[in-house]
Amino acid sequence: MAGAMKSGSNFERVLRAGHFAFTGELGPPRGANAARIREKSRHLKGCVDAANITDNPTAMVRMSSWGASLIALEEGLEPNYQMVCRDRNRLAMQSDILGACANGIRNIVCLSGDHQDFGDHPDALGVFDIDSMQLIHMVRLMRDEGRFAGGEPIDEPPKMFIGAAANPFADPFEFGVRRLAKKIRAGADFVQTQCIYNMKKFGDFVARAGETGLLENVHLLAGITPLKSVSMALHMQREVPGMEVPEAAIRRLKGVPRDREADEGIRMACEQIEALKQTRGVAGIHLMAIEWEHRVPEIAERAGMLPRPRV
C-alpha cells in the first residue's frame with residue numbers, strides 16, 4: 001500500500017479502502033471574487049472525492065491556491081492544494097505547507113509549474129529553487145520525519161497526503177515510467193496523469209508501470225478532459241506539448257452538428273471512464289473539466305461515479 005501516514009483526508013481514505021476514486025479540478029478566479037469559488041465548489045461538492053485547486057496555471061495570475069482552498073473547505077469541498085515550484089523558494093513552500101495544514105488542508109499536489117514565458121508576466125523571475133521531485137521529498141520529510149529541509153525539527157508535522165503528476169505521453173515514452181518511479185521513491189502517495197485521449201498508449205504506459213511493480217506503491221488516477229468542440233480538439237492536438245489526440249476522436253466530433261459537439265465530447269469522456277474502471281492498476285479518475293465545473297454533476301452521473309463513498 002502507498003504510504004503509511006494517516007492524513008485525515010477523506011480522499012486518502014477512499015483510496016485506501018479500495019474504492020475507485022474520482023477527483024475534479026477548480027480554477028481560482030482572476031480576482032478576489034470569493035463568490036465564484038463558492039459557486040464552483042457547490043457544483044463539485046458530493047460529486048468528487050476532492051478537487052484540485054490550481055496554482056496560477058499557464059503562469060497566469062489567479063487567486064492563490066491556498067486561499068481558494070480555504071474557501072472550498074468552507075463550502076464542504078475537500079481540496080487537493082496544488083503547489084508549483086515556479087513562484088517560491090523552499091522557505092516559502094514549507095511555510096505555506098504548515099499554514100495550509102493548520103487550516104485543515106490535508107492533500108497537496110506537487111508540480112513544477114508552467115514556465116512564466118507562457119503567462120501574462122513573461123518578465124517575471126522564475127524561482128525554481130527546487131523541482132517537483134524535490135518538493136515531493138521535502139513534504140514527505142516534513143510529514144514522516146518531522147524535519148524541515150534544513151534538518152531542524154518541526155514541533156507539529158503537517159499530515160499531508162502527497163500527490164504528483166505524470167504525463168504518459170511525453171517523449172521519450174520509455175522515460176515516463178522511470179520518472180514515475182522517481183516520484184514514487186520521493187514520497188508520492190497518489191499520481192494524477194495528464195489528460196488522456198490515446199487510450200492504447202496509456203494502456204501501454206500502465207502495463208509497463210505494472211510490470212515493474214510501481215503501481216503497488218502508489219494510487220494512479222487517470223486524467224480525463226472532455227472535449228468541448230472540434231476546435232478544442234485541434235488546439236490540443238497541434239498546440240499543447242505532450243498531448244496526443246487521435247484523428248479518430250476529431251473525426252467523431254466532426255460527425256455531429258456543431259451544437260452537439262460538447263455533448264459528444266462528454267459521451268466520449270464517459271466511455272473512457274468506463275474503460276478505465278476495468279484497467280488494472282488504475283485507482284481512479286482525475287476529471288479536468290476546464291471551466292466546466294457546472295457540468296461535473298452530469299458527467300459524474302452519466303459515468304456511473306455517483307454516489308461517492310464517505311469513509
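The values are calculated or read from the model by the stated rules, or taken from the named source; none is laboratory data. Every value quoted in this text rests on a predicted model; they were computed, and no experiment measured them. Here the Cβ is made from the backbone with ideal geometry for all residues, glycine too, and neighbour counts use every protein chain on show.
Does the range 40-73 hold any residues that are out of contact with any helix residue (DSSP H, G or I) (no Cβ under 8 Å at 6 or more places or on another chain) and part of a helix (DSSP H, G or I), and which are they?
Hits for the range 40-73 are Arg42, Pro57, Ser65, Gly67, Leu70, Leu73.
For the range 170-204, how many residues meet the condition of being within 24 Å of Arg267 (Cβ to Cβ) and in a helix (DSSP H, G or I)?
So the answer is 5.
Cβ-Cβ under 7 Å, sequence separation 6+ or interchain: first residue in the range 238-267 and within 30 Å of Pro172 (Cβ to Cβ) and in contact (Cβ under 8 Å) with a residue 40 or more places away in the chain, partner outside any helix (DSSP H, G or I) and among the aromatic types (Phe, Trp, Tyr). Which pairs?
Gly242/Phe169; Met243/Phe169; Glu244/Phe169; Glu244/Tyr197; Val245/Tyr197; Pro246/Tyr197; Ala249/Tyr197
Quick check on my filter: what residues within the range 218-228 are part of a loop (DSSP other than H, G, I, E, B) and either at pLDDT below 95 or closer than 30 Å to Asp189 by Cα (or both)?
Selection gives Val218, Thr225, Pro226, Leu227.
What number of residues within the range 17-39 satisfy the criterion of being surrounded by fewer than 18 Cβ atoms within 10 Å (Cβ to Cβ) and assigned to a helix (DSSP H, G or I)?
The total comes to 4.
In the range 164-194, what residues are under 21 Å from Met243 (Cα atoms), in contact with a helix residue (DSSP H, G or I) (Cβ under 9 Å, 6 or more places away or on another chain), of a type outside the set (Gly, Ala, Ser) and without any contact (Cβ under 8 Å) to a residue 40 or more places away in the chain?
Correct list: Pro168, Phe173, Glu174, Val177, Arg179, Leu180, Val191.
Among the residues of the range 58-82, which ones are buried (at least 20 other Cβ atoms within 10 Å of the Cβ) and over 25 Å from Arg308 (Cβ atoms)?
The answer is Ala59, Met63.
Would you check if there is a residue in the range 76-92 being in a helix (DSSP H, G or I) and touching a Ser or Thr at 6+ places or on another chain (Cβ under 8 Å)?
no
Pull up the range 146-199, narrow it to residues that are among the basic types (Lys, Arg) and under 24 Å from Thr225 (Cβ atoms), then point me to the one that is modelled with the lowest pLDDT.
By that ranking, first place goes to Arg179.
Cβ-Cβ under 6 Å, sequence separation 6+ or interchain: first residue in the range 36-47 and among the basic types (Lys, Arg), partner not in a helix (DSSP H, G or I). Which pairs?
Listed by first residue and then by second, the contacts come to Arg36/Pro29; Arg38/Glu75; Lys40/Leu26; Lys45/Gly76; Lys45/Leu77.
Anything in the range 63-81 that is over 20 Å from Asp120 (Cα atoms) and of a type in the set (S, T, N, Q)? List them, or say none.
Of everything in the range 63-81, those that are over 20 Å from Asp120 (Cα atoms) and of a type in the set (S, T, N, Q) turn out to be Ser69, Asn80.
Do we find that Asn107 is of a type in the set (S, T, N, Q) and buried (at least 21 other Cβ atoms within 10 Å of the Cβ) in this structure?
So Asn107 fits the description; yes.
Filter the range 229-284 down to the residues that are of a type in the set (Gly, Ala, Ser) and in a helix (DSSP H, G or I), then identify the one that is farthest from Asn217 (Cα to Cα).
Ser231
Please go through the range 276-311 and pick out each residue that is small (Gly, Ala, Ser), surrounded by 14 or more Cβ atoms within 10 Å (Cβ to Cβ) and over 16 Å from Ala50 (Cα atoms).
Gly281, Ala303
Could you figure out which of (1) under 16 Å from Glu293 (Cβ atoms); (2) aliphatic (A, V, I, L, M); (3) over 17 Å from the mean Cα position of the chain (by Cα); (4) crowded, with 18+ Cβ neighbours inside 10 Å isn't true of Ala51?
With respect to (1) under 16 Å from Glu293 (Cβ atoms); (2) aliphatic (A, V, I, L, M); (3) over 17 Å from the mean Cα position of the chain (by Cα); (4) crowded, with 18+ Cβ neighbours inside 10 Å, Ala51 is out only on (3).
Of the numbered conditions (1) farther than 28 Å from Asp129 by Cβ; (2) crowded, with 21+ Cβ neighbours inside 10 Å; (3) not basic (Lys, Arg), Asn10 satisfies every one except a single condition; which is it?
That leaves (2) as the condition not met.
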